[in-house]
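> This is the structure, below, for whatever I ask next.
The values are calculated or read from the model by the stated rules, or taken from the named source; none is laboratory data. Note that this is a predicted model, so its numbers are computed, not measured. Note that we place each Cβ from the backbone using ideal geometry, even for glycine, and neighbour counts take in every protein chain shown. Each accessible area value is taken on the protein alone, full model and side chains, heavy atoms only, with ligands, DNA and RNA left out. Shrake-Rupley method; radii C 1.70, N 1.55, O 1.52, S 1.80 Å.
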Amino acid sequence: MRLFAAVVPPPAAVRELAAAVAPLHALPQAAGLRWTGEPTWHLTLAFLGQVDAEDLGPLRTRLDAAAATVARTPRLRLAGSGRFGERALWAGVEGDTLPLRRLAEEVATAARDTGIDVDERPFRGHLTLARAGGRSGPPTAAGRGLPALAGALADFAGTEWPATSLKLMRSHLGTGAAHYETVADWALGSAGAVADGS
């Protein structure tokens with residue numbers, strides 16, 4: 001299974017951001033970009049890659065412990081924007097970002113303790129809006145328009161919301177857009193699993 005751990009903004013926050021992003025699609029600088037779909041919007045805490053079925057149980061146990069380290073529910077808001085070079089456009093996150101970063105570190109540790117390799121780069125909270133180029137290929141000429149698009153969204157500031165759960169998500173990749181499925185879900189700010197998608 002191709003898995004990642006994430007915090008998913010509530011529908012109201014997604015709608016706010018979508019309303020701000022929609023006008024960007026019509027700008028000349030947006031030509032050639034692959035826009036992510038609103039149902040897939042999330043804040044990635046750790047990308048776990050391909051995880052063997054036998055590792056799923058131990059991983060879930062460790063993620064349960066990671067979620068339990070969050071003493072109170074973080075309050076976040078989607079705000080600002082930026083880009084990763086000429087590769088991707090993103091919306092930023094503000095608010096209780098320190099507990100979010102600590103949770104990302106706990107999730108990465110849980111994965112490593114399960115024998116799963118995770119990216120060593122420090123956590124940077126963001127929600128990917130668009131990409132230039134293929135999923136794994138180099139950026140295309142469309143990436144040259146990203147600075148203008150990031151600038152157009154720089155003043156966006158959404159309403160604050162509680163990050164109530166840590167989600168373990170499965171990514172289904174095909175010829176079309178990616179589809180995500182929740183494998184497990186843990187409350188943040190209180191102990192225990194909230195839901196179980198398996």
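> Give me the distance in nm between label points sitting 7 Å out from Cα along the Cα-to-Cβ direction at THR182 and ASP119, one decimal.
2.4
> Still on this structure, please answer the following. Suppose R0 equals 22 Å; then what is the FRET efficiency for ARG15 and ALA148 from their Cβ-Cβ distance, rounded to the nearest 0.05?
Values: r = 24 Å, r/R0 = 1.10.
Taking R0 as 22 Å, the efficiency between ARG15 and ALA148 is 0.35.
> While we're looking at this one, here's another question. Largest first, what is the accessible-area ranking of LEU56, LEU63, LEU98 with a 1.4 Å probe?
Values: LEU56 25, LEU63 0, LEU98 75 Å².
Ranking LEU56, LEU63, LEU98 by accessible area, largest first, yields LEU98, LEU56, LEU63.
> OK, next. For THR182, what accessible area in Å² do you get when you roll a 1.4 Å probe over the heavy atoms of the protein chains, rounding to the nearest 10?
50
> How high is the FRET efficiency between THR109 and TRP35 when r is their beta carbon distance and R₀ equals 41 Å, given to the nearest 0.05? Numbers along the way, then the final one.
Working: r = 33 Å, r/R0 = 0.81.
That gives a FRET efficiency of 0.80.
> Tell me, what is the FRET efficiency for ASP155 and ARG101 to the nearest 0.05, using R0 = 25 angstrom and their Cβ-Cβ distance as r? Please list the in-between numbers first.
Working: r = 24 Å, r/R0 = 0.96.
For R0 = 25 Å, the calculated efficiency reads 0.55.
> Now, a different point. Would you work out the Kirkwood radius for the chain? I mean one over the mean of 1/r across all pairs of different Cα atoms, in Å. Walk me through the numbers before you get to the answer.
On the way: mean 1/r = 0.0577 Å⁻¹.
The Cα-based Kirkwood calculation yields 17.3 Å.
> Can you tell me how the range 70-142 classifies by the Cα gyration tensor, rounded, prolate or oblate, using a/c under 1.5 as the rounded cut? All intermediate terms of the calculation are to be shown ahead of the outcome.
Details: a/c = 3.55, a/b = 1.33, b/c = 2.66.
It comes out oblate by the Cα gyration axes.
> Hey, another quick one. So how much accessible area does ASP52 have, in Å² to the nearest 10, using a 1.4 Å probe?
Rounded to the nearest 10, that gives 80 Å².
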